[in-house]
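Beneath this line is the structure, given in structure tokens, with notes to follow.
The values are calculated or read from the model by the stated rules, or taken from the named source; none is laboratory data. Predicted model only: the values in this text are computed from it and were never measured. Methodologically, a virtual Cβ is constructed for each residue, glycine included, from the backbone with ideal geometry; neighbour enumeration extends over all protein chains shown.
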Amino acid sequence: MDVDALEKAMEAFAEKKQIKPAMRKVAHWVKKIKKEGRYETGIPQEMRAIKTIEQLGILRVEDRGLFVVAELNDRGKQLDKDFFLKGYYIQG
């Protein structure tokens, strides 16, 4: 998946003005999960975010009840590269 495909997929879930902020949130999580390799959390808010992003088909998620473990799948790794190339990870 690339950034353009993600934007198109998000059009089905969000209003136009909400897409860019949502994409920045996805980029945040993709970067965070990539950095950890396998990201494990039991924080309810983070668990909800990860399960929502899982619906995009870019993560492998193991739900272990009190916590989840997430890692990027091949589509997620491709998206990570495209986020980097398009400047989503530049700190402002």
Which numbered condition trips up GLY57, out of (1) part of a loop (DSSP other than H, G, I, E, B); (2) on the phi < 0 side of the Ramachandran plot; (3) within 13 Å of the chain's Cα centre (by Cα)?
(2)
Pairs where the first residue, in region 69-81, is more than 15 Å from LYS35 (Cβ to Cβ) and the second is assigned to a strand (DSSP E or B), C-beta under 6 Å, 6+ apart:
ASN73/ARG60
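Condition check ((1) surrounded by 15 or more Cβ atoms within 10 Å (Cβ to Cβ); (2) at pLDDT 95 or above; (3) within 13 Å of LEU6 (Cβ to Cβ)) across all residues:
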{"site": "GLY42", "(1), (2), (3)": "no, yes, no"}
{"site": "GLN55", "(1), (2), (3)": "no, no, yes"}
{"site": "VAL68", "(1), (2), (3)": "yes, yes, no"}
{"site": "LEU72", "(1), (2), (3)": "yes, yes, no"}
{"site": "GLN78", "(1), (2), (3)": "yes, yes, yes"}
{"site": "LEU85", "(1), (2), (3)": "no, no, no"}
If we ask which residues in region 57-66 are surrounded by fewer than 18 Cβ atoms within 10 Å (Cβ to Cβ) and either among the small types (Gly, Ala, Ser) or closer than 20 Å to LYS8 by Cβ (or both), their number turns out to be 2
Looking at (1) among the small types (Gly, Ala, Ser); (2) within 9 Å of the chain's Cα centre (by Cα); (3) under 17 Å from TYR89 (Cα atoms), which is the one condition that is false for ALA22?
(2)
Does any residue of region 22-37 turn out to be of a type in the set (Lys, Arg), at pLDDT 95 or above and in a strand (DSSP E or B)?
no
Can you tell me which residue within region 32-55, out of those that are touching a helix residue (DSSP H, G or I) at 6+ places or on another chain (Cβ under 6 Å) and not β-branched (Val, Ile, Thr), is nearest to TYR89 (Cα to Cα)?
LYS34
Every pair of residues 6+ apart whose Cβ atoms lie under 8 Å, when the first sits in region 40-56 and is under 14 Å from GLU71 (Cα atoms) and among the aliphatic types (A, V, I, L, M) while the second is at pLDDT below 95 and outside any helix (DSSP H, G or I):
LEU56/MET1
Consider only pairs whose beta carbons are under 8 Å apart and that are at least six residues apart or on different chains; among these, list those whose first residue lies in region 7-19 and is within 16 Å of THR52 (Cβ to Cβ) and touching a residue at least 12 places away in the same chain (Cβ under 8 Å) and whose second residue is assigned to a helix (DSSP H, G or I) and of a type in the set (Gly, Ala, Ser).
MET10/ALA22
